[in-house]
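Following: one structure in structure tokens, then a few remarks.
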Amino acid sequence: MVERNSEPSAQERAGRPFPVSWDQFHRDCRALTWRLNEVGPFHAVIAITRGGLVPAAIVARELGLRVIDTVCVASYDHDKQGDLKVLKGISEQTAKLGGGTGKGLLIVDDLVDTGKTGKLVRELLPDAHFATVYAKPKGRPLVDTYITEVSQDTWIFFPWDTALSFQPPIRDGAA
Ligand SMILES: O=P(O)(O)OC[C@H]1O[C@H](OP(=O)(O)OP(=O)(O)O)[C@H](O)[C@@H]1O
Ligand SMILES: [Mg+2]
């Protein structure tokens with residue numbers, strides 16, 4: 001039997017599932033890059049791990065950027081958000097490229113939800129440009145560029161967190 005905590009997780013609270021395929025994600029990252037190409041040029045890309053690593057690789061490839069750094073943040077334990085911890089900041093070399101405040105640096109993450117992660121990283125690099133592929137309303141004001149807005153009660157399922165599985169036919173009660 002699976003023991004359940006009585007408090008609903010962020011995913012359960014969100015309720016509405018929004019599965020994203022690799023294809024869709026790649027298309028959305030390319031659409032994001034079209035917008036970023038109008039805003040740059042950038043000296044380097046900074047991925048907020050781990051979710052930001054995939055879009056950062058695609059965006060960096062499309063923008064021709066080869067300097068890629070990470071800010072390593074831990075917050076959600078699968079679907080419950082705990083205290084935010086910066087496990088690793090950017091390197092001294094990348095900080096120099098951004099003149100200490102992040103000017104000309106591009107921060108990339110897969111999404112903003114409550115905005116807590118984005119806020120923390122923005123505080124570290126106030127002049128950097130912050131881009132995400134998806135944005136929920138609470139976090140959206142923190143983002144400079146994003147592609148798709150989803151409602152706050154949506155939970156996005158990314159392709160690296162999911163796998164193909166059998167679905168019962170709709171007439172047999174599939175959602
Ligand atoms: O706007 P917020 O409410 O802060 O949520 C958004 C953050 O949550 C997820 O990361 P998570 O901390 O789950 O870690 P992961 O990227 O390693 O999956 C997501 O990748 C964002 O970074
Ligand atoms: Mg993340």
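The values are calculated or read from the model by the stated rules, or taken from the named source; none is laboratory data. If you're wondering where the values come from, they're calculated on a predicted model, not measured in any experiment. No Cβ is skipped: glycine too gets one built from the backbone with ideal geometry, and neighbour counts run over all protein chains shown. The protein model used for the area step is the full one, side chains on, heavy atoms only, and it has no ligands, DNA or RNA in it. Shrake-Rupley method; radii C 1.70, N 1.55, O 1.52, S 1.80 Å.
Please identify the pairs in which a residue from the stretch 74-93 that is at pLDDT 80 or above has its Cβ atom under 7 Å from the Cβ atom of a residue that is charged (D, E, K, R), counting only partners at least 6 apart or on another chain.
A74/K85; L84/K116; I90/D69; S91/D69
Would you confirm, using the coordinates I've provided, whether L97 is more than 14 Å from the chain's Cα centre (by Cα) and surrounded by 22 or more Cβ atoms within 10 Å (Cβ to Cβ)?
For L97, the condition - more than 14 Å from the chain's Cα centre (by Cα) and surrounded by 22 or more Cβ atoms within 10 Å (Cβ to Cβ) - is not met.
Please verify whether the stretch 52-70 includes one or more residues that are at pLDDT below 95, open to solvent by 30 Å² or more (accessible area, probe 1.4 Å), within 16 Å of ligand 2 (Cβ to nearest atom) and out of contact with any Asp or Glu (no Cβ under 7 Å at 6 or more places or on another chain).
No; the residues of the stretch 52-70 include none that is at pLDDT below 95, open to solvent by 30 Å² or more (accessible area, probe 1.4 Å), within 16 Å of ligand 2 (Cβ to nearest atom) and out of contact with any Asp or Glu (no Cβ under 7 Å at 6 or more places or on another chain).
Cβ-Cβ distance below 9 Å, separation of 6 or more or different chains: which pairs start in the stretch 39-58 with a residue that is free of Cβ contacts under 8 Å to residues at least 40 places away in the same chain and end on one that is small (G, A, S) and surrounded by fewer than 22 Cβ atoms within 10 Å (Cβ to Cβ)?
T49/A74
Please go through the stretch 104-156 and give me each residue that is closer than 23 Å to A10 by Cα, in contact with a helix residue (DSSP H, G or I) (Cβ under 8 Å, 6 or more places away or on another chain), in a loop (DSSP other than H, G, I, E, B) and not hydrophobic (A, V, I, L, M, F, W, C), ordered by number.
Correct list: D113, G115, G139, Q152, D153.
Which one is surrounded by the most Cβ atoms within 10 Å (Cβ to Cβ) among residues in the stretch 126-171 that are more than 16 Å from ligand 2 (Cβ to nearest atom), over 16 Å from V20 (Cβ atoms) and in contact (Cβ under 8 Å) with a residue 60 or more places away in the chain?
Ranking the candidates gives A128 first.
As an exercise: evaluate L84 against (1) away from ligand 1 (no atom under 16 Å from the Cβ); (2) touching a Leu at 6+ places or on another chain (Cβ under 8 Å); (3) open to solvent by less than 70 Å² (accessible area, probe 1.4 Å) and give the number of the one condition it does not meet.
Here L84 clears every test but (1).
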